[in-house]
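Worksheet for the structure shown next.
The values are calculated or read from the model by the stated rules, or taken from the named source; none is laboratory data. This one's a predicted model, so the numbers in the text were calculated from it and none came from an experiment. Here Cβ is always computed from backbone atoms with ideal geometry, including for glycine, and neighbour counts include all displayed protein chains.
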2 protein chains.
Amino acid sequence: MEQLTELGMRARRAAFSLNSLTTEEKNRALMASADALEAHAQEIIRANRTDIENGRAKNMSEGLLDRLLLNEERIHGMAEAVRGVASLPDPVGDVLEEWTRPNGLRLRKVRVPIGVVGIIYEARPNVTSDAFSIAFKSGNAVILKGGSDAIYSNGAVADVIRGALSENGFPEDALLLIRSTDHETTTRFMQMNGYVDVLIPRGSARLIQAVVRNSTVPVIETGAGNCHIYLDEGCDAEMAKAIIFNAKTQRIGVCNAAESLVVHRSVLDTVLPAAVKKLQEKNVIVYADEEAYGALTKAAAADPALKLSLIERAAEEDFGTEYLDYKMSVKTVGSVEEAIGHINRYSTKHSETILTPDEAHARLFQNAVDSACVYWNASTRFTDGGEFGFGAEIGISTAKLHARGPMGLRELTTTKYQIDGTGQVR
Amino acid sequence: MEQLTELGMRARRAAFSLNSLTTEEKNRALMASADALEAHAQEIIRANRTDIENGRAKNMSEGLLDRLLLNEERIHGMAEAVRGVASLPDPVGDVLEEWTRPNGLRLRKVRVPIGVVGIIYEARPNVTSDAFSIAFKSGNAVILKGGSDAIYSNGAVADVIRGALSENGFPEDALLLIRSTDHETTTRFMQMNGYVDVLIPRGSARLIQAVVRNSTVPVIETGAGNCHIYLDEGCDAEMAKAIIFNAKTQRIGVCNAAESLVVHRSVLDTVLPAAVKKLQEKNVIVYADEEAYGALTKAAAADPALKLSLIERAAEEDFGTEYLDYKMSVKTVGSVEEAIGHINRYSTKHSETILTPDEAHARLFQNAVDSACVYWNASTRFTDGGEFGFGAEIGISTAKLHARGPMGLRELTTTKYQIDGTGQVR
C-alpha cells in the first residue's frame, strides 16, 4: 500500500509538469518514445518470450498467445501508433466558451488535462504504449495495471518509454506501471482517491464489473457490447444481408460486433431467411424466438440450402448475452416501438442500428434507443475512434457521464473556468 | 430493497417518457408544478410544522430550524424558482457536432438527458422542488433522498408536484422521493446500478465522502470548498481588503467562501495587516504561520487598532480546514510558484483567486492551480450558477469528470452519437 501511495505521489508530480508542456514538447517526447521502442525491440522481444513461455506452460490458448506475442513487426506497429498520436491535434488549452458578465467578470471555459489516469487491462502489451501515448498527448500521467500474463512484456515496454522520456528531459513518471499482480494491490489501486482522477478498465465484462463494484475513484465503463440490429418493415434485403453479415462476422471478438437481430414480423419470411442463409456461410448459429424459429423452419422447407442444423430456439438469457462468437439471437417484434423497448431492456448501451427506408422510424429509433451510438442503415462495427475520425482511441465508453462512445484525446481532458476580474466582489 | 428496485423501475419508465417531451410540454409541467406549490401552500406548511416540532424536540439549533422552516413567502420563492427554470433554454436536442466521413457516414453528436438522477441531500426542503425542476427541464427523472429532519416537508412538496404532473398528463414518477431514512436504504440507493445513472450528493463534506466511498453508481462530488486567496507581490491593498473581506465574511457557511490567505513575503508588512484589520470588523480570527504571525505582531505594535487577540498561530491542519466560520488561515510564500504548490496541496479543487497586477503571474496561476474555478482579481464568491449566468444550479462540482464548477441544466445532460448511413459496412 505504501508503495502505491508513493507511485501516486510520483504520478501527481509528473502530471503537474505535463500540464505546462507545449504541444511541440509533448510531440518530441512521443517521437522519442516511438524511436526507442524500435531501437530496443530485441529487449522487448526477449521479455515477451518469457511471457509466451509462461503462457504455454499454463496452457494458454493459441488465440491468447497470439494476442500476447510481440515481434519486430508488431513493435514497429506500436511505434507507428505512438507517432500517429503525436500527429493529432492537441486538445489542451482549447477555449470552449468565453463570455463577460454584466459586472465585468470575463469567464473562459478551457480544456485542461484530467491529471492522473489509471488504466486496468488484460493481456495485450500494445495497450501499454497506446494508453501512454494518448494520455500523454492530452497532458495526463498514467498509472497502468496490466494482466499478469503480460507482466514481462509490459515491464519492458514501460522501461523503454520511461528511459526515452528521461533521456529527453521529460518526467519518466508520466508512465508508471504497477508490477505486483496480487488481488490486494488491484483493489487498492481502485481506491487511490486523491492520486488517481479516473480509472478506465479495458477488457472482459468481468474485469469491468469488478472495477465498477470496487472502485471509489471515478470509473469510465468501457467495452461491453450486446449490440442489436433491428430489421424494420420494408427494409432492403440486400442491405440487411450485407450489414448483418459484416456486423456479426467481420470480427467476432470485438465489442461493436452485433449479437442480436430484432426482426419486424413483416420481414420474417423474406429478409430474415436470406440474412440467416448469408450468416451460415460462416456457420453462425442463430438462437431464434418461437415466431422466428417457425418462419425459418418454413423457409428451410422451401430452400434446402438453409441449414436447420444451425438454427436453435432462443432461451430468455440469449437476449442478454454478448456471445463474442459465431452466434446471434433473433427476436420478433410487431413495431419499431416494441423493438426499442426490447433493445433498451437488453442492450449494454453501446451500439445499435435500424435498417429501414422510413426516416421517421429511423429518427424515433435514434432518439429513443438509449445507447452511445445509434445507426440508421449502417453496421455497428463503425463504433471506433479510428472510424469516427478521432485518430486514436483509449476505449469505447458505455457510461453516460463524461464520455460516451469512442474516447479519443478530448475525452481524456476536463475543463476549468478561468475568470478575470478587476476587483469584483459580491 | 425490493421497494427500491420498484422505485428504480418506475424512474426508468418515467425517464423514457420524459426523453420524448417537447420543450413546451416540459415548461407546461413546470408551470403547473409551481402553481400547485402555491395552491397547496397550507398543506406543505402543516407538514413542515411537524418537522419543526420534531426538530425543536431534538434541540435542533435555531440556524438549522430556520433553514428547515417553510412559510408562504418561502413557498412562493420555491414556486418562482421552478418558473425560472421553465424560462431557461432547453439543452436537450442540441447538436454539438456534425460531420461526414469519407465513406459517407454522417455523424451527429446530440445532447440528450442522462436518464435517472439520484440526489442525496440534507435538511433544506427547497432542494426538493429545485432539484426536480432542473432535472425535469433537462429531461431526467429524479430519485430524491432528503434528510430525516425534513421528511414531512419533503414528502408534502413531492406529493404536490407529483399530483400536478399526473393531473396534467405527465408521468408523476419523474419525481420519486425515498421516504425511509434508515442507513441500509441509503446504502442500497448508492448501489442501484442500472436504475440510477448518476448520484449527486449535496450537503456536508461528511455526507459527500460517505457517498463517494459507498456508491457503485457514478457520483459527481459537490461542494467542499477550502478556497484560497493569494496576495501576490505588488497587489493592490484596497482591492485586497475588499476581496478578502467579501470572500471571507459575506456569507460564511457557503462552499465558495474563502478559508485561507496565501501571502507573498513582500506584502506581509503592508497588505496583510490592512486586510486582517478589515476582517477584524467581523471578529474574524486569523491562524497565521510563524512569519505572518511575526509580521502581524509587529504591525499591531505600531497600530493598536489591530487586535492581537484575534490572531493565533496556525497548526498544520489549519491549512486543510474548511472553517465555514469567521476564521481564516494565513500562509507565507516567497513566489507565485510556491503559492501554487501550497494551494494544490491543500485545496479542495473548488475556487481560488490571485490578486496581482502582473498578468504573467495571473496566467501562470490560472493554468497551474488545479481547481474548478481560478480567478484573477475577483472574489471566490462568484462560483455560483446564478453568478455565472446559468440561471439555475444543481450544485458545484469539485470532481473532474463530466462536470466541473457550477452545474446548470447542461451538466445534467449527456450526449449520444446518431449516425446515418446508406448501407455502409467495414
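A few remarks follow.
- Residue in the range B:343-380 that is surrounded by the most Cβ atoms within 10 Å (Cβ to Cβ), counting only those that are out of contact with any Ser or Thr (no Cβ under 6 Å at 6 or more places or on another chain) and charged (D, E, K, R): B:Asp370
- Restricting the range A:217-241 to residues that are at the interface with chain B (Cβ under 10 Å from one of its Cβ atoms), in contact with a strand residue (DSSP E or B) (Cβ under 6 Å, 6 or more places away or on another chain) and in a loop (DSSP other than H, G, I, E, B) leaves a set whose member that is surrounded by the most Cβ atoms within 10 Å (Cβ to Cβ) is A:Ile220.
- Within the range A:410-426, if we keep just the residues that are charged (D, E, K, R) and more than 7 Å from chain B (Cβ to nearest Cβ), the residue that is farthest from the chain's Cα centre (by Cα) turns out to be A:Arg410.
- Any hit, the range A:194-201, residues being more than 14 Å from chain B (Cβ to nearest Cβ) and in contact (Cβ under 8 Å) with a residue 60 or more places away in the chain: no
- Residue list for the range B:98-124, filter: closer than 18 Å to B:Ala141 by Cα and more than 12 Å from chain A (Cβ to nearest Cβ): B:Gly118, B:Ile119, B:Ile120, B:Tyr121
- Some residue of the range B:338-357 being more than 8 Å from chain A (Cβ to nearest Cβ), touching a Lys or Arg at 6+ places or on another chain (Cβ under 6 Å) and closer than 15 Å to B:Ser260 by Cβ: yes
Yes/no matrix, rows are residues, columns are (1) over 30 Å from B:His402 (Cβ atoms); (2) in contact with a helix residue (DSSP H, G or I) (Cβ under 6 Å, 6 or more places away or on another chain); (3) within 14 Å of another protein chain (Cβ to nearest Cβ); (4) not acidic (Asp, Glu):
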{"residue": "A:Ala41", "(1), (2), (3), (4)": "yes, yes, no, yes"}
{"residue": "A:Ser61", "(1), (2), (3), (4)": "yes, no, no, yes"}
{"residue": "A:Leu64", "(1), (2), (3), (4)": "yes, no, no, yes"}
{"residue": "A:Pro91", "(1), (2), (3), (4)": "no, yes, yes, yes"}
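- Only one of the numbered conditions (1) under 30 Å from A:Pro218 (Cβ atoms); (2) away from chain B (no Cβ under 11 Å) is not met by A:Leu310, and that is (1).
Condition check ((1) under 20 Å from A:Leu88 (Cβ atoms); (2) polar (S, T, N, Q); (3) at pLDDT 95 or above) across all residues:
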position: A:Val116; (1), (2), (3): no, no, yes
position: A:Ile119; (1), (2), (3): yes, no, yes
position: A:Arg124; (1), (2), (3): no, no, no
position: A:Glu184; (1), (2), (3): no, no, no
position: A:Thr187; (1), (2), (3): no, yes, no
position: A:Tyr195; (1), (2), (3): no, no, yes
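- Restricting attention to the range B:242-279, the residues that are within 19 Å of the chain's Cα centre (by Cα) and more than 10 Å from chain A (Cβ to nearest Cβ) total 9.
- Residues of the range B:320-348 satisfying the condition of being part of a helix (DSSP H, G or I), within 22 Å of the chain's Cα centre (by Cα) and in contact (Cβ under 8 Å) with a residue 40 or more places away in the chain: B:Gly320, B:Ile343, B:Tyr346
- Of all residue pairs spaced 6 or more apart or on separate chains, those with beta-carbon atoms under 8 Å, a first member in the range A:65-93 that is surrounded by fewer than 21 Cβ atoms within 10 Å (Cβ to Cβ) and a second member that is basic (Lys, Arg) and not in a helix (DSSP H, G or I) are A:Arg67/A:Arg124; A:Pro91/A:Arg111; A:Gly93/A:Arg111.
- For B:Lys145, the conditions (1) over 22 Å from the mean Cα position of the chain (by Cα); (2) more than 14 Å from chain A (Cβ to nearest Cβ); (3) on the phi < 0 side of the Ramachandran plot all hold with the exception of (1).
- Of the criteria (1) within 22 Å of A:Phe189 (Cα to Cα); (2) not in a helix (DSSP H, G or I); (3) not aromatic (Phe, Trp, Tyr), which one A:Arg111 fails: (1)
- For the range A:201-241, the set of residues classified as polar (S, T, N, Q) and within 17 Å of the chain's Cα centre (by Cα) consists of A:Ser204, A:Gln209, A:Thr222, A:Asn226, listed by residue number.
- Residue in the range B:147-155 that is closer than 25 Å to B:Thr50 by Cα, of a type in the set (A, V, I, L, M), out of contact with any Gly (no Cβ under 6 Å at 6 or more places or on another chain) and in contact (Cβ under 8 Å) with a residue 40 or more places away in the chain present: yes
- Of the residues making up the range B:159-201, those that are basic (Lys, Arg) and closer than 23 Å to B:Asn126 by Cα are B:Arg162, B:Arg179.
- Inter-residue pairs, beta-carbon under 9 Å, first free of Cβ contacts under 8 Å to residues at least 40 places away in the same chain and in the range A:27-47, second surrounded by fewer than 16 Cβ atoms within 10 Å (Cβ to Cβ) and of a type in the set (Asp, Glu), 6+ apart: A:Ala41/A:Glu72; A:Gln42/A:Glu72; A:Ile45/A:Glu72
- Flag if A:Glu221 is modelled with pLDDT under 95 and either outside the structural domain of A:Ser329 (by TED's automatic domain parsing) or on the phi < 0 side of the Ramachandran plot (or both): yes
- Top-ranked residue of the range B:386-409 - restricted to ones that are more than 7 Å from chain A (Cβ to nearest Cβ) and in a strand (DSSP E or B), ranked as farthest from B:Pro218 (Cα to Cα): B:Pro406
- Residues in the range A:368-391 that are in contact (Cβ under 8 Å) with a residue 24 or more places away in the chain and under 11 Å from the mean Cα position of the chain (by Cα) were compared, and the one that is nearest to A:Cys227 (Cα to Cα) is A:Thr383.
- Criterion: of a type outside the set (Ser, Thr, Tyr), farther than 20 Å from A:Val425 by Cβ and at pLDDT 95 or above - qualifying residue of B:Lys307, B:Lys327: B:Lys307
- Any chance A:Tyr287 is under 28 Å from the mean Cα position of the chain (by Cα), without any contact (Cβ under 8 Å) to a residue 60 or more places away in the chain and buried (at least 19 other Cβ atoms within 10 Å of the Cβ): yes
- Considering (1) more than 23 Å from the chain's Cα centre (by Cα); (2) at pLDDT below 95, the lone condition that A:Glu73 does not fulfil carries the number (2).
- Complete set of residues in the range B:243-276 that are part of a helix (DSSP H, G or I) and touching a Leu at 6+ places or on another chain (Cβ under 8 Å): B:Ile243, B:Ile244, B:Phe245, B:Lys248, B:Thr249, B:Val267, B:Val271, B:Leu272, B:Pro273, B:Ala275, B:Val276
- Residue check for B:Leu18: touching a residue at least 60 places away in the same chain (Cβ under 8 Å) and out of contact with any Cys (no Cβ under 9 Å at 6 or more places or on another chain): yes
- Positions within the range B:1-57 being closer than 28 Å to B:Asp94 by Cβ and not in a helix (DSSP H, G or I), in sequence order: B:Asn19, B:Ser20, B:Leu21, B:Thr22
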